Amino acid sequence: MHEKRFEGDINRLRAPERIERLEVERVTDLFLESGATGSVLDLGTGTGLFAEAFSRRGLEVAGVDANPGMLIAARRYVPKGDFREGTAEVLPYQDGSFDFVFLGLVLHESDEPLKALMEARRVARQRVGILEWPYQDGAFGPPLAHRLKPEDLYNLFRRVGFRNRKVTDLSNTVFYRLEV
């Protein structure tokens, strides 16, 4: 299970050039609409890069990752966060547990993207945000075979029942904001 899971150097995920490439603050602004408050679940939290940004904005932060080593790093950066081992396809939370759910560069790694999105929608009260690589060969990110085609994503969004969709093309990634 999780054949496409990130297995690289954990420290590399916090490299300044990667943080800049991912436009962390801009993505956070787009997701929260500069003022949203409440709780957020960061699926595939990794080292807690986005969880840390959400925490700085005053949100109550939780995170899930399949890699225990990632959770150790995330706890270092967000000591007040609630980080748990698990996968996006089976979340250890009740329905409507969070105001927001964020999937940062993780949906393409999911074994079952439909199930991951269904779980995200199940635990979200307001919004789900997805940051993904564009469907094109690039100098950064996974090989094209691991990236998701926009039409496949839109079909998944429709099947899961998201109400509204806002898509923002960024310098190196694409951000999808979905209302539940």
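The values are calculated or read from the model by the stated rules, or taken from the named source; none is laboratory data. Since the structure is predicted, the reported quantities are computational estimates derived from the model, not experimental observations. Glycine gets a Cβ as well: all are built from the backbone with ideal geometry, and neighbour counts include every protein chain shown.
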The residue that is modelled with the lowest pLDDT, considering only those in segment 58-84 that are under 17 Å from residue 34 (Cα atoms) and surrounded by fewer than 18 Cβ atoms within 10 Å (Cβ to Cβ), is 58
Charged (D, E, K, R) and at pLDDT 95 or above: is that true of residue 111 in this structure?
no
Segment 163-180, residues that are farther than 21 Å from residue 142 by Cα and out of contact with any Lys or Arg (no Cβ under 7 Å at 6 or more places or on another chain)
163, 164, 165
Determine, yes or no, whether residue 42 is of a type in the set (Asp, Glu), crowded, with 22+ Cβ neighbours inside 10 Å and either under 22 Å from residue 110 (Cβ atoms) or without any contact (Cβ under 8 Å) to a residue 60 or more places away in the chain (or both).
yes
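If you take just the strands (runs of 3 or more DSSP E) that sit entirely in segment 106-180, which of them hold at least 1 residues that are farther than 26 Å from residue 60 by Cα, of a type outside the set (A, V, I, L, M, F, W, C) and touching a strand residue (DSSP E or B) at 6+ places or on another chain (Cβ under 9 Å)? Let's see the steps before the verdict.
Working: elements: 124-132, 165-169, 174-179.
Where strands (runs of 3 or more DSSP E) fall fully within segment 106-180 and carry at least 1 residues being farther than 26 Å from residue 60 by Cα, of a type outside the set (A, V, I, L, M, F, W, C) and touching a strand residue (DSSP E or B) at 6+ places or on another chain (Cβ under 9 Å), they are 165-169.
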Those strands (runs of 3 or more DSSP E) lying entirely in segment 1-103 with at least 1 residues of a type in the set (Ser, Thr, Tyr) and closer than 20 Å to residue 126 by Cα
39-43
